[in-house]
Amino acid sequence: MPHDAQTPTTVAIRVAGQTIVLDHSGAAWFGETRDLVVADLHFEKGSAFAARGQGLLPPYDTAETLRRLDGLCRRLKPARVICLGDTLHDLAGEDRLSDGDRSRLAALVAAQDWVWVAGNHDPAPPTGLGGAAVERLKIGDVLLHHDVEAGPDAPIPAGEIVGHYHPKALVRTRARKVSGRCFVADGRRLILPAFGAYAGGLNVRDPAIEGLLSADYRAYMIGRRGLFAFRRDQLAADPKRAA
Amino acid sequence: MSGGLPEPLAGWFAARGWTPHPHQLAMLEAARDGDSALLIAPTGGGKTLAGFLPSLVELTRADAPPEGLHTLYISPLKALAVDIHRNLEAPIAEMGLAIRAETRTGDTPQAKRQRQRRSPPHMLMTTPESLALLLSYEDAPGIFAQLRCVIVDELHAIEDNKRGDLLALGLSRLAALAPDARRVALSATVAEPDRLRRWLALRPDASDVRLVTGASGAEPRIDVLQTAARLPWSGHIGVHAMPEVYELLRAGGTAIVFVNTRAQAEIVFQELWRLNEDGLRIALHHGSLAAEQRRKVEAAMARGDLDAVVATSSLDLGVDWAAVDLVIQVGAPKGSTRLLQRVGRANHRLDSPSRAVLVPGNRFEVLECRAVLDAVRANTLDGIPARPGGLDVLAQHILGAACAGPVDRDDLYAQVRRAGPYAGLSRRDFEDVFEFVATGGYALGAYDRFRRLKLQPDGRHAIATKEAIRDYRMNVGTIVEAPTLRVRMGRGRVLGEVEERFANYMTAGDTFVFAGRLLEFVEVRETDIIAKPGKGDAPAVPAYVGGRLPLSTHLADRVRGILSDPRAWRDLPEQVREWLDVQRWRSLLPSRDGLLVETFLRGNKHYLVAYCFEGRNAHQTLGMLLTRRMERAGLNPLGFVATDYVICVWGTRSAEDADIPALFDEDMLGDDLEAWMADSSMLKRTFRNVAVIAGLIQRRHPGEEKTRRQVTFNSDLIYDVLRTHEPNHVLLRATRADAASGLTDVRRLADMLARVRGRIAHRHLERVSPLAVPVLLEIGRESVYGAAIDELLGESAEELISEAMETTGTREFGFDAA
């Protein structure tokens, strides 16, 4: 179905004064430095389930995530790719990577600068693939890490980008409710959607996400072809409270 | 012997002044000859007793086996199994028979279930799911060793769906465990009894199943309500006619008011009570209400304590009620078979006619009701296309069989093919399903190390882990419910369940109607909707959906016939005739075999309306295919809505000069269908059901949402990945087969496109035609499908974007052109 030609596939927002382009793929793009940021790839989530006897899900999630990431790199030609944590679904996932997927990943890492940010699922990056492993990094005034840091001594950066929460928006439309992955941002914080093919989502209206944002945040929902912006009062909550 | 019945049954009949019906004696004769039997009889003819009589005779003979399971009775309804058990206890007690009869359902306590396995009763009343579970135990061979008879009740209700597949597979296994057991099925009137015979038979030619037909009784008397009120243009509820329905109820007797959806049941119930100045005892019955509540209504009905009950298909099945005098069907019945089955609920005595009144909800439904009456008079029933057994159900069955003990692939294949729906199963499909159960069946054997089935040295396959057995037992069954929430009054009583997405629409203070009362939404707590009594006369909107059946092919044909022939309008209400007359004058009447397509401009949108009359499901598919074509033709379609009668597409360009016959060419079912099917949300929903039934993803169980959070998986994600990487995986094949046979009615669409070829009439109109008004009124009320999602999001988002642009006055929300 066509839609108006002006439906954007990217939206430029500002975080701490810095322009960041949100891409329809679920990635964030720093135009000036050509940094590409993706979060929560969750490689080998399918095989993690199989290994625990929780169902024999199609073992193609890593291949699919890599295919999407490869397409994105070909399109944008980044100088550097930043994986914002939870790249592997679990630490043992590295051993379950198929040879094909592993060599495709290695080729991607070798093609441009590569940064593995540590996540809660994968405190250590995959070994032997190259790239730099960090806990966090900064681009200008913007701090990038997997999750916000809590506690009284936690830094309060001017701007920050995190993953971890897998935000998803639920929007009431004329016909029915539509749900989809989304970015959420309030001018200071930007939370990226999960990029992984099997990564689920958490409703933006969940306190775990809303608690991180000021009330005037916007959710940028990924539609079939375009990105759509919504205010908090346009977003529906899930009927069930999150655990 | 009296009347062919042996003692003590003959004496028991005589004491009641009963004479056995011919069909009851015929069932005894079939049993004596060792044949299986299919009994087709209307309600009220002692049908259930006819099914049990042979077993009662055998169990009262002197040489009857003292112990062991003799007769297994399977009902699609748990409640029916319980009722039948109760009804059977009476003759057993009164004749002082030493027969132990028990029920076994999901409600049976654990201790009793274990006892039943150690020491089975003579007669066990159960459901297809409970039978599947019983068969998955290692001791299944012992439980069924003495089995002589299996009775399947209400076969017409499950024969063509996945529960029927599951039961057929269960019966094929039973036949291996108890080769001497006869099969007996009971059914309401159906179009093709031979289909049911084939379903039931052990032999491919069904020669082992005798057809026994009960007396059909007097012809039913069915009328269409001639309303004095203004007939609505659209909507299905029938509120306009409630004063007249109320008068019918007041006239006396006991009535069932059948409606088509749960929402409609709630509204009709409310409206009738609003009019109820005579204090009639009117109750409500539908599938969302708490089971306990439903049982109360049924019991009150059985005692004769009610004047009327407003019901959905939840009352289509069940025990016979002695004294239902009138059946009122509000909204079109959608099929003649279904109408006859509903009318049969009023058939309390075989010698007096059942009475029924049809109440059309709108103008099109007037035509439909007319058509259904013609069909009943001509005694033509709706045929349903046969469908092969589901591969997902087969996967579940294979896992269940392995739970009971190691399986031999060849033996199992042969056994499965003896189940009617799987008679044509190819070895390749079987092997693929088997491999799916064992390893997931993915190319390259990615999961060999996580196998569920392990090959033993003797060549058989055994279950690999205890988890697999547990998962099977937790997930058995073919009914995949949408997630539901309970509706609870404060901290107190549970009134019933609604689909989770209903709650999505509610905020605190909203009022809604449920279980016949006005409630105020307070909050959602865990898996409960907390409600309190609503105040005043607030607009009460039950938004939750119940199953709506599409118009049957047979009725659709009759509706087209009436429309195209003004001579057939004589009996129609004045308002409807006038409506059709104006249509004839302004545009054209749809012809019986052709297709009328109208185009017109209204507001700033260009509309195309096609009068296909093929039912909602087929129209939904057509809508997706048609909009793809229109998009390619540069017509810029924006969305569509499908009703039972028409499909309406709107967009920003006029189709006035478009090549309309080309848009409706049959070849749209080729590439376009493939492409659409792959991407449709309907297919994703179908996949979810297939994935749950086949055991790829686990069912969600109430209360487990929190603990099993990480285990529940979004099936859409799996579908997308599997489709990209292994498009021919057996579960995708199963999904496509389901979509093609059921949900999307592709065959129906194909027949329609072939029929109208060269007979498409296109009219470009100055304004909307009378026949098009109903569908335009449905826009915004009906769901809009598929890829129109972006448009919907755009509609909702645009406002915000322009507003945000204004208020911030900066480029903060501007779009990057890159």
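Numbers below:
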| item | result |
| --- | --- |
| The one condition in (1) crowded, with 20+ Cβ neighbours inside 10 Å; (2) at negative phi; (3) at pLDDT below 90; (4) small (Gly, Ala, Ser) that B:Ala438 fails to fulfil | (3) |
| Residue pairs meeting the criteria (Cβ under 7 Å; at least 6 apart or on separate chains; first acidic (Asp, Glu), in region B:556-569; second assigned to a helix (DSSP H, G or I)) | none |
| Checklist (1) farther than 21 Å from A:His42 by Cβ; (2) touching a Phe, Trp or Tyr at 6+ places or on another chain (Cβ under 7 Å); (3) at pLDDT 95 or above applied to A:Cys83, failing item | (1) |
| The lone exception for B:Ala93 - which of (1) more than 29 Å from B:Pro141 (Cβ to Cβ); (2) touching a residue at least 40 places away in the same chain (Cβ under 8 Å) it fails | (2) |
| Residues (at pLDDT 75 or above and touching a strand residue (DSSP E or B) at 6+ places or on another chain (Cβ under 6 Å)) located in region B:522-544 | B:Val522, B:Glu523, B:Asp528, B:Ile529, B:Ile530, B:Ala531, B:Lys532, B:Gly534 |
| Residue list for region A:70-106, filter: crowded, with 19+ Cβ neighbours inside 10 Å, assigned to a helix (DSSP H, G or I), of a type in the set (A, V, I, L, M) and away from chain B (no Cβ under 14 Å) | A:Leu105 |
| Entirely in region B:356-430, the helices (runs of 4 or more DSSP H) that have 1 or more residues that are basic (Lys, Arg) and touching a Pro at 6+ places or on another chain (Cβ under 8 Å) | B:363-377 |
| Meets criteria (modelled with pLDDT under 90 and over 19 Å from B:Leu551 (Cα atoms)) for B:Leu588 | no |
| Checking A:His146 against (1) within 14 Å of chain B (Cβ to nearest Cβ); (2) in contact (Cβ under 8 Å) with a residue 40 or more places away in the chain, the condition it does not meet | (1) |
| Of residues in region A:24-45 being in a strand (DSSP E or B) and free of Cβ contacts under 8 Å to residues at least 60 places away in the same chain, the one nearest to the other protein chains (Cβ to nearest Cβ) | A:Trp29 |
| The listed residue being touching a Leu at 6+ places or on another chain (Cβ under 6 Å) and of a type outside the set (Lys, Arg), out of B:Glu94, B:Glu129, B:Glu159 | B:Glu159 |
| Selected residue (only one of B:Leu771, B:Leu793, B:Leu765, B:Leu776 is more than 14 Å from chain A (Cβ to nearest Cβ) and modelled with pLDDT under 85) | B:Leu776 |
| Residues within region B:41-57 that are crowded, with 19+ Cβ neighbours inside 10 Å, over 20 Å from B:Pro128 (Cβ atoms) and either modelled with pLDDT of 90 or more or not hydroxyl-bearing (Ser, Thr, Tyr) (or both), tallied | 9 |
| Qualifying residues in region B:714-728 (those that are facing chain A (nearest Cβ under 7 Å) and assigned to a loop (DSSP other than H, G, I, E, B)) - the one modelled with the highest pLDDT | B:Glu726 |
| Candidates B:Pro22, B:Pro42, B:Pro6 - the one that is farther than 22 Å from B:Ile158 by Cα, out of contact with any Lys or Arg (no Cβ under 9 Å at 6 or more places or on another chain) and not aromatic (Phe, Trp, Tyr) | B:Pro22 |
| Positions within region A:46-59 being surrounded by fewer than 24 Cβ atoms within 10 Å (Cβ to Cβ) and in a loop (DSSP other than H, G, I, E, B), in sequence order | A:Arg52, A:Gly53, A:Gln54, A:Gly55 |
| Criterion (assigned to a helix (DSSP H, G or I) and either touching a helix residue (DSSP H, G or I) at 6+ places or on another chain (Cβ under 8 Å) or hydrophobic (A, V, I, L, M, F, W, C) (or both)) met by exactly one of B:Ala64, B:Ala37, B:Ala10 | B:Ala10 |
| Candidate set: region B:555-571, residues that are buried (at least 20 other Cβ atoms within 10 Å of the Cβ) and in contact with a helix residue (DSSP H, G or I) (Cβ under 8 Å, 6 or more places away or on another chain); chosen: the one modelled with the lowest pLDDT | B:Leu555 |
| Test: B:Leu455 is modelled with pLDDT of 85 or more, surrounded by fewer than 16 Cβ atoms within 10 Å (Cβ to Cβ) and among the hydrophobic types (A, V, I, L, M, F, W, C) | yes |
| Cross-chain or 6+ apart pairs with Cβ under 6 Å, region B:270-289 first and over 15 Å from B:Leu518 (Cβ atoms), then at pLDDT below 90 and in a strand (DSSP E or B) | B:Ser288/B:Gly496; B:Ser288/B:Glu497; B:Ser288/B:Val498; B:Leu289/B:Gly496 |
| Hits in region B:108-146 (condition: over 26 Å from B:Pro54 (Cβ atoms) and in contact with a helix residue (DSSP H, G or I) (Cβ under 7 Å, 6 or more places away or on another chain)) | B:Leu133, B:Ser136, B:Tyr137, B:Glu138, B:Asp139 |
| Every pair of residues 6+ apart whose Cβ atoms lie under 7 Å, when the first sits in region A:217-239 and is within 7 Å of another protein chain (Cβ to nearest Cβ) while the second is among the polar types (S, T, N, Q) | A:Arg225/A:Thr7; A:Arg225/A:Thr9; A:Gly226/A:Thr7; A:Gly226/A:Thr9; A:Gln234/B:Ser796; A:Ala236/B:Asn504; A:Pro239/B:Asn504 |
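The values are calculated or read from the model by the stated rules, or taken from the named source; none is laboratory data. Note that this is a predicted model, so its numbers are computed, not measured. Note that each Cβ is placed from the backbone with ideal geometry, even for glycine, and that neighbours are counted across all protein chains shown.
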